[in-house]
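What follows is one structure encoded as structure tokens, with my remarks underneath.
The values are calculated or read from the model by the stated rules, or taken from the named source; none is laboratory data. In this text the structure is predicted, and so the values were computed from the model without any measurement. Note that each Cβ is placed from the backbone with ideal geometry, even for glycine, and that neighbours are counted across all protein chains shown.
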Amino acid sequence: MIEIVLFAGEFSECGCTNVESIKPLMPALEQGIDVLRGVKKSDILDLFQQYSEDLIKDEAAATIEGVAFIANWLRKSNFNQLVEKNFHTIEYLEAFVGDKKRLKAQPRGIVCHWIAGNVPTLGLFSLFQSMFVGNGNILRVPQKNHDIMRALLNVFSRTIISSGLSGADLLKSVGVIYFDKADARANEELSELADARIVWGGEEAVKAITGLPRRSHCEDLVFGPKYSFVVMDADAAGRSSGDFTRAIRFLASDVILFDQAACTSPHVLFVEKGGRSVQEIGEVLAEEFRKLAKRFPKVGVDQYIMTRIINARAEHALDPSSSVICPKENDWTILIDDKLQLEEPIESRTIFLKEVDSLQDIIPLITRKVQTIGCSVDEKEKLIAFADAATLHGVARCVEFGQMHLYDNPWDGMLVMSRLVSWVTLYYGD
């Protein structure tokens, strides 16, 4: 059974519509795709800009975790930069460009998205990029995120610009659905409709979805399980009190947001010797956690994770070479030790703090599973050398503290929009 949240511009309310198959609904979606492809790209950019403003103003939407990031990402100035990275010029999306040999980027058709449940706003990043280049989109969204998706897309449906274009017009080309992950028939139907598949999720989900029957021309974009951590060199660790505290404040926000359930969440902080001691750094980080925990208290802590936190606290407290900084409550945890390794994520605001002789000592630990490294490194050449070695080992992003969750392009090594078009050619003489 397939549950419809939104299809071809029509929202189902709390009592969602259930259907046996998506295929009978596709003609309405195809009509919506025709509407989408008749819209100027400049108008879509203006609509995204207005939506970014409307999101922040909407009382319900503004409280959703991660909305500030997506609103910033959708700003016209930022989205224009994404388009330029992917296509050099927006003209390729609108016309054949060139002299005798002309190129155009045509939409692939129907893009089907399998969205993970760890970050509620995740699906919007792939949806709006695919929508911009002219594809129809069907998103399989986890049930627990339906209310959030409805709230976000309801704001988009009400967004309108001076030309008269509204989000409701573009949503006619979109479907948001749900079915049980074990429903083989529904998974296969969605896969066989796709001209491109976008998969966000863990290793098991990725293997299950990419193994489904698909069209021979179907393009796959897979955003699988990833790991992230942070580094601080001796100079950054020895900064003046104000500058150092500011950097740690940004790090604390990266840890707190999404309760470390995102692939961009840091789980280990490696600090180079020569600046502040790890104990002093831990105390400053603890103070920032205390402040943030008051503003953003934990909600619905997973019992399994809580047990792991308790066990990790006990192990570090009993080990003479380790220590732990934490409140009596389960608000946050800092685990200090000297083991040069990437720790298994515990999540729920739990971070390991380790001291290293040199940032280069970390490089052998890196695999292609590491996605983002938050870097606080003062010397430019030193940062470039570290980033070059880290990315050679497979890291996709090296960013400043406070920017770990900023969705950027490329993502996981891919220029996403350029993968969601077909490059076509037209030859003719003078």
Unmet requirement for Gly300, which otherwise passes all of (1) under 15 Å from Asp259 (Cα atoms); (2) touching a residue at least 24 places away in the same chain (Cβ under 8 Å): (2)
Test: residue in segment 203-226 that is part of a helix (DSSP H, G or I) and more than 23 Å from the chain's Cα centre (by Cα): no
Residue list for segment 343-361, filter: β-branched (Val, Ile, Thr) and over 25 Å from the mean Cα position of the chain (by Cα): Val356
Residue in segment 6-36 that is farthest from Ala168 (Cα to Cα), counting only those that are modelled with pLDDT of 90 or more and small (Gly, Ala, Ser): Ser21
Residues being under 16 Å from Ser157 (Cβ atoms), part of a loop (DSSP other than H, G, I, E, B) and in contact (Cβ under 8 Å) with a residue 24 or more places away in the chain - total across segment 7-34: 2
Residue pairs meeting the criteria (Cβ under 7 Å; at least 6 apart or on separate chains; first closer than 22 Å to Leu45 by Cβ and in contact (Cβ under 8 Å) with a residue 40 or more places away in the chain, in segment 121-143; second of a type in the set (S, T, N, Q) and part of a strand (DSSP E or B)): Leu127/Asn137; Ser130/Asn137; Met131/Asn137
Matching residues, segment 68-95, being among the acidic types (Asp, Glu) and closer than 25 Å to Val119 by Cα: none
Residue check, Val255 within 18 Å of the chain's Cα centre (by Cα), in the same structural domain as Asp338 (by TED's automatic domain parsing), closer than 16 Å to Leu353 by Cα and surrounded by 22 or more Cβ atoms within 10 Å (Cβ to Cβ): yes
Subset of segment 416-430 (residues that are farther than 14 Å from Ile198 by Cβ and part of a loop (DSSP other than H, G, I, E, B)): Tyr428, Gly429, Asp430
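Residues checked against (1) in contact with a Phe, Trp or Tyr (Cβ under 8 Å, 6 or more places away or on another chain); (2) modelled with pLDDT under 95; (3) within 26 Å of Pro225 (Cβ to Cβ):
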residue: Ser322; (1), (2), (3): no, no, no
residue: Ile346; (1), (2), (3): no, no, yes
residue: Gly374; (1), (2), (3): yes, no, yes
residue: Ile384; (1), (2), (3): no, no, no
residue: Leu392; (1), (2), (3): no, no, yes
residue: Cys398; (1), (2), (3): yes, no, yes
Filtered residues of segment 263-281 (kept if in contact with a Ser or Thr (Cβ under 8 Å, 6 or more places away or on another chain) and crowded, with 21+ Cβ neighbours inside 10 Å): Cys263, Thr264, Ser265, Pro266, Glu272
Helices (runs of 4 or more DSSP H) fully within segment 35-87 counting 3 or more residues that are under 20 Å from the mean Cα position of the chain (by Cα) and on the phi < 0 side of the Ramachandran plot: 41-57, 67-73, 76-87
Pick from segment 106-128, criterion crowded, with 22+ Cβ neighbours inside 10 Å and among the small types (Gly, Ala, Ser), ranking: nearest to Tyr427 (Cα to Cα): Ser126
Residue selected from segment 219-239 under the condition small (Gly, Ala, Ser) and modelled with pLDDT of 95 or more, by the criterion nearest to Thr367 (Cα to Cα): Ser228
Single match in Thr333, Thr245 (criterion: closer than 17 Å to Leu353 by Cα, crowded, with 22+ Cβ neighbours inside 10 Å and of a type in the set (S, T, N, Q)): Thr333
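The rows are residues; the columns are (1) assigned by TED's automatic domain parsing to the domain that holds Val133; (2) at pLDDT 95 or above; (3) surrounded by 15 or more Cβ atoms within 10 Å (Cβ to Cβ); (4) not polar (S, T, N, Q).
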position	(1), (2), (3), (4)
Ile64	yes, no, yes, yes
Phe69	yes, no, yes, yes
Leu74	yes, yes, yes, yes
Gln81	yes, yes, no, no
Glu84	yes, yes, no, yes
Tyr92	yes, yes, yes, yes
Ala95	yes, yes, no, yes
Any hit, segment 73-89, residues being of a type in the set (D, E, K, R) and touching a helix residue (DSSP H, G or I) at 6+ places or on another chain (Cβ under 6 Å): yes
Residue within segment 206-222 that is among the polar types (S, T, N, Q), surrounded by fewer than 20 Cβ atoms within 10 Å (Cβ to Cβ) and outside the structural domain of Val119 (by TED's automatic domain parsing) present: no
Residues located in segment 73-91, provided they are touching a strand residue (DSSP E or B) at 6+ places or on another chain (Cβ under 9 Å) and without any contact (Cβ under 8 Å) to a residue 60 or more places away in the chain: Thr89, Glu91
Criterion violated by Gly201 - all others in (1) modelled with pLDDT of 95 or more; (2) within 21 Å of Arg419 (Cβ to Cβ) satisfied: (1)
